[in-house]
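Below you'll find the structure, written out as structure tokens, and then a few comments.
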């Protein structure tokens with residue numbers, strides 16, 4: 001797998017393909033970034049983009065993780081003291097999850113976002129952006145029913161962070177797409193180049209397969225979950241014997257979240273996946289790629305219950321180091 005294939009593996013979108021190909025030609029001189037609000041324990045959404053960061057490091061890029069304490073404050077996620085404590089915990093868990101410490105720089109937003117030059121550039125972006133445009137960019141990620149002024153400024157800060165962190169590739173889930181497109185639109189107004197972007201997929205709601213999995217709504221999997229918690233959640237997950245489920249009774253599109261987690265979390269981290277089964281049911285199945293597992297589910301050779309059992313085991317293997325770091329952090 002060459003650098004371009006590694007960079008784009010399991011990405012929903014890159015903007016633009018030509019820019020990413022150019023970046024892949026000399027990845028060892030490039031830096032990617034992703035920003036996270038320190039607002040809780042790492043969950044499966046964080047882990048999906050973290051898996052992509054590991055891909056990027058393996059392709060030769062360095063990585064900056066912005067622990068966006070100011071953004072979290074603007075989005076009403078607690079006091080600065082509470083947010084920064086969470087940021088320290090998240091940093092430890094990211095490294096436990098598998099990010100290469102030598103290739104990863106963790107940056108608190110407050111270390112540069114209060115500087116005079118940053119604030120003046122932010123005001124320049126505000127002068128070039130309508131309120132409705134900022135609201136559209138924030139729509140996918142805001143908390144609360146009504147937009148506050150702080151939340152309208154939030155996406156402009158994200159755009160400016162790309163400049164001040166000196167990164168070559170902005171990474172985020174598909175919910176970040178509107179923010180990144182805003183950045184591509186407005187940064188030229190302050191004579192800065194539009195960012196190259198990579199967007200990762202969103203995992204569907206675990207219970208229904210509709211919409212996206214969310215830590216604020218429904219069931220999600222986090223690094224504080226025990227093995228028993230993970231097994232319970234995965235065993236209750238929506239998993240029809242097909243990779244393309246029928247719409248629900250309201251006509252909403254469904255995904256198979258069990259297959260999605262195999263595709264985007266498990267197979268990128270494990271060369272082979274073994275589904276353990278009693279001999280009376282055909283014995284163990286071994287897969288060296290996602291497609292063969294999904295095909296066996298479709299054909300009936302792999303039962304959803306067996307797929308879930310394997311998924312819980314591999315997820316626990318991914319979560320366990322971060323869970324241990326969380327215990328160490330809380331016990332210090």
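Summary table
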| read-out | value |
| --- | --- |
| Where residue 204 falls short, out of the listed (1) buried (at least 21 other Cβ atoms within 10 Å of the Cβ); (2) modelled with pLDDT of 95 or more | (2) |
| Helices (runs of 4 or more DSSP H) contained entirely in the stretch 149-243, each with at least 2 residues that are more than 28 Å from residue 18 (Cβ to Cβ) | 149-164, 227-235 |
| Count - residues of the stretch 248-272 that are at negative phi and either surrounded by fewer than 11 Cβ atoms within 10 Å (Cβ to Cβ) or in contact with a helix residue (DSSP H, G or I) (Cβ under 7 Å, 6 or more places away or on another chain) (or both) | 16 |
| Any hit, the stretch 215-227, residues being surrounded by fewer than 18 Cβ atoms within 10 Å (Cβ to Cβ), within 21 Å of residue 135 (Cβ to Cβ) and in contact (Cβ under 8 Å) with a residue 60 or more places away in the chain | yes |
| Condition broken by residue 107, with the remaining ones in (1) farther than 17 Å from residue 155 by Cα; (2) surrounded by fewer than 17 Cβ atoms within 10 Å (Cβ to Cβ); (3) at pLDDT 95 or above satisfied | (2) |
| Residue in the stretch 66-81 that is within 26 Å of residue 3 (Cα to Cα), at pLDDT 95 or above and surrounded by fewer than 21 Cβ atoms within 10 Å (Cβ to Cβ) present | no |
| Checklist (1) over 19 Å from residue 12 (Cβ atoms); (2) part of a helix (DSSP H, G or I); (3) modelled with pLDDT of 95 or more; (4) outside the structural domain of residue 322 (by TED's automatic domain parsing) applied to residue 133, failing item | (3) |
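The values are calculated or read from the model by the stated rules, or taken from the named source; none is laboratory data. Not measured: the values here are computed from a predicted model. Positions of Cβ are backbone-derived with ideal geometry, glycine not excepted, and every protein chain shown enters the neighbour counts.
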